[in-house]
Amino acid sequence: MKTIYKVFSAGLAGCAIGLTLTSCNDFIDVEPQGVISENLAMSQPNELVTSAYAKLGDDWYTYPFNLWPYADVSTDDAMKGGSGTTDTNYHPVEVWSTLTASTPDHMDELWYHFYCSISRCNRALVSLAEYGEDKLGAETKAIREGEVRFLRAHFYFKLVQMWYQVPWVDEEVYKNHTEEQTPNNQFTHQELMEKIVADFKAAYDVLPVEQKEGGRANKIAAAAYLAKCYLTMAWGDGYEATTGVNHINQEYMKKVLEYTEVVKNSRYGYLEDFGDIFLPEYKNSKESIFAVQHSGYEDDNTLYGRANWSNVLNGCWHVWSCGWDFHKPTQNLVNAFKTDADGFPMFNDFNNVTAYPVNGVPTAQKWDPRLFHTVGMPTFPYKYEAEFTLTTDNSRTPNTYGYYTSLKEVPQRSKGETFDNPWQAFAMNDYVLRYTDVMLMRAEAMVETGDLEGARAIVNDIRLRAKNSVAKHIGYAADQCNISLYPAGDFATKEQARLRVQWERRLELAMEGSRYWNLRRWGIASTTLNKFFDKEKDVVYEGQTYAQYYKDAHYTPAKNEYFPLPYIQLYYVPGLYTQNKGYN
């Protein structure tokens, strides 16, 4: 990985050649102006903890920490969008067949910035060990160490999620300056996950249930993340040959139940209306267990606020001043929200016929209400506001990416934007863990451990909230909605229950950056995605054919489960890193 040490080595060589009257040592000993010296910075543990938190939102559309291109665009939920397939370098992610170690080159930026984030965590831990007790007191020092280990585990979870095996750089590696001697295969994938779990467990053991300051990690967030880690490990290692229902680890599933029980018994809960979850005024509601905090000018009086720059491309065309129309829902996702005459998903034939609702023109085809909170569609108000009703003109390249737009990651248009030239940015939090997500983890573990009735109760609670999420925001779609709660017979077997829990996860968390990780965890990515590619390439909306680029798409198991290590990182120190299997 990139570090500053190579830069210093090159700098010293240049110094020896270019300076004849001053020694190199004298030159580099000069205190820099306008910056804080490293010694002074390292003596301020609380400030270094704040610096580690700041990295949570220190991202950009080419290295979005919420991973929307890799978790949504790579799946049947979303297309890249923009002005065409060459707009940004994410196109290989949506077709998989052209994905290589150098395409998209955005992967290198993502890797680098994740390790910058980890570096801040390691520095904070070293500072806390040396100065924490004197400056903060023993109790606060322990809490801050727990927070930093939570943050480091969070960044490492995302790295391992992306790349399977990555170099483990902790505070000891930092102190010994051995970053460039640390290979990515020093620890197995399983061992890396255990190290991540150990960090989250250390955080869980010391963090309070409530923090005095908002935005800090607490015990409940650590419990939720532990559940997420154990659920990920419970299904296998992610490669299809060693992942899925035939590889389930029951002990890990029991850990999921243990830690989700902690969350269930906390102050967090279901927000009453599904639509409110994605409005900025509810961004730290009881639904939000842990989120990346963002702000606007009115919140912190800075020039642009602490905007969510990872989603700068994802505003709707001609609605926002700089709406670049990325992160576009697929027809397959819209079809998944269909319900039958009894109000249940159309599991087997949902995608046989293309359908879409038209505002004010109800038909026999009904829909799960969450569709109207998730997908912006022509004829319907954009994020509930009639003065911004969408038309087919609100799509930038309909012949490539169709007419749908994403709604969850943007505020209402009337609320304005934080920054608008040449990008628009929003003060929308990024959910890392929300309550419903954790309860669906619990339902998943209940199915696999045999508590089918417990899983049904959770799924029905979530569906009841969806059923009750019509009048406040989407009353105009009331006559198009039909959703029912599952009777006991629908959860009579593990196979039935598993299908319903997995379907509920897709509908509830659509466009929130989780779809690919779910498909991979369940061991069904190749069958799901290749079937999707074959159908979606022929999709038509009111006579307009689009998504034809999927004719070249293909997902290859035993290769595509994980992304290739970025080329630049692979060859920065030749021979240090081993490439993931299947990639040259």
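The values are calculated or read from the model by the stated rules, or taken from the named source; none is laboratory data. Just so you know, these numbers come straight off a predicted model, no measurement behind them. Here the Cβ is made from the backbone with ideal geometry for all residues, glycine too, and neighbour counts use every protein chain on show. These area figures cover heavy atoms from the full protein model, side chains too; ligands, DNA and RNA do not enter into them. Shrake-Rupley method; radii C 1.70, N 1.55, O 1.52, S 1.80 Å.
Decide, for segment 516-579, between rounded, prolate and oblate: order the square roots of the alpha carbon gyration tensor eigenvalues as a ≥ b ≥ c, take rounded if a/c falls under 1.5, and otherwise choose prolate if a/b is larger than b/c, else oblate. Prolate shape, in that a/c is at least 1.5 and a/b is the bigger ratio. For Thr545 and Lys135, a Förster radius of 60 Å and the Cβ-Cβ distance give a FRET efficiency of 0.40, rounded to the nearest 0.05.
Taking amide H atoms as placed 1.01 Å from N in the peptide plane, the amide H of Lys366 lies under 5 Å from those of Thr339, each 5 or more residues away in sequence or on another chain. Surface exposure of segment 133-290, expressed per residue as accessible area with a 1.4 Å probe, stands at 39 Å². For Phe157, the solvent-accessible surface computed with a 1.4 Å probe is close to 10 Å², ligands and nucleic acids excluded. The distance linking segment 418-453 with segment 64-123 is 19 Å (Cα centroid to Cα centroid, whole angstrom). Fully extended, how many nm does the chain gain between Glu172 and Ser484 (0.36 nm per residue separation, minus their Cα-Cα distance)? In short, 106.9 nm is gained.
Distance cut-off 24 Å, Cα to Cα: go down the list Lys158/Lys408; Lys328/Lys366; Lys55/Lys283; Lys158/Lys537; Lys212/Lys467 and report the pairs above it. Pairs exceeding the cut-off: Lys158/Lys537; Lys212/Lys467. When peptides 567-577, 63-73 are sorted by average Cβ neighbour count within 10 Å, with the highest value leading, the order is 63-73, 567-577. Its Cα gyration tensor gives segment 231-275 an equivalent ellipsoid, and the semi-axes of that ellipsoid, as √(5λ) in whole Å with the largest first, are 29, 15, 6. For a modelled paramagnetic label at Met42, 7 Å from Cα along Cα-to-Cβ, the residues of segment 114-129 in reach, with backbone nitrogen under 16 Å, are 119-129.
A full extension of the chain between Asp534 and Thr392 corresponds to an added length of 48.6 nm, given 0.36 nm per residue minus the alpha carbon distance. The stretch between Ala54 and Ile248 holds 66.2 nm of extra length on full extension. This uses 0.36 nm per residue minus the Cα-Cα distance. Across the accessible surface of the chain, with the other protein chains kept in place and a 1.4 Å probe, carbon and sulfur atoms take up 52 percent. Residues whose amide H comes within less than 5 Å of that of Val432, counting only those at least five positions distant or on another chain, are Phe290, Ala291, Val292 (H built at 1.01 Å from N in the peptide plane). Rounded to the nearest 20 debye, the dipole size of the chain about its Cα centre is 900 debye, using +1 on the Cβ of Lys and Arg and -1 on the Cβ of Asp and Glu.
Taking a temperature of 4 °C and a viscosity of 1.567 mPa s, what whole-number D in µm²/s does Stokes-Einstein yield for segment 63-161 with Rh from Kirkwood over alpha carbon pairs?
82 µm²/s
Peptides 437-447, 196-206, ordered by how many other C-beta atoms sit within 10 Å of their residues on average, highest first, read 437-447, 196-206.
Please state the shape class of segment 197-350: rounded when a/c is under 1.5, otherwise prolate if a/b exceeds b/c and oblate if not, all from the C-alpha gyration tensor. It comes out oblate by the Cα gyration axes.
Placing unit charges on the Cβ atoms of the charged side chains and taking the dipole of segment 218-328 about its Cα centre, the candidate lying farthest along the positive direction among Ala223, Asn249, Ala291 is Asn249.
Heavy-atom accessible surface of Lys55, to the nearest 10 Å², is about 10 Å², with a 1.4 Å probe and all protein chains retained.
Note on Glu385 and Lys212: the model spin-label points, each 7 Å out from Cα along the C-beta direction, lie 3.9 nm apart. Projected label points at Asn421 and Tyr583, each 7 Å from Cα along the beta carbon direction, are separated by 4.0 nanometres.
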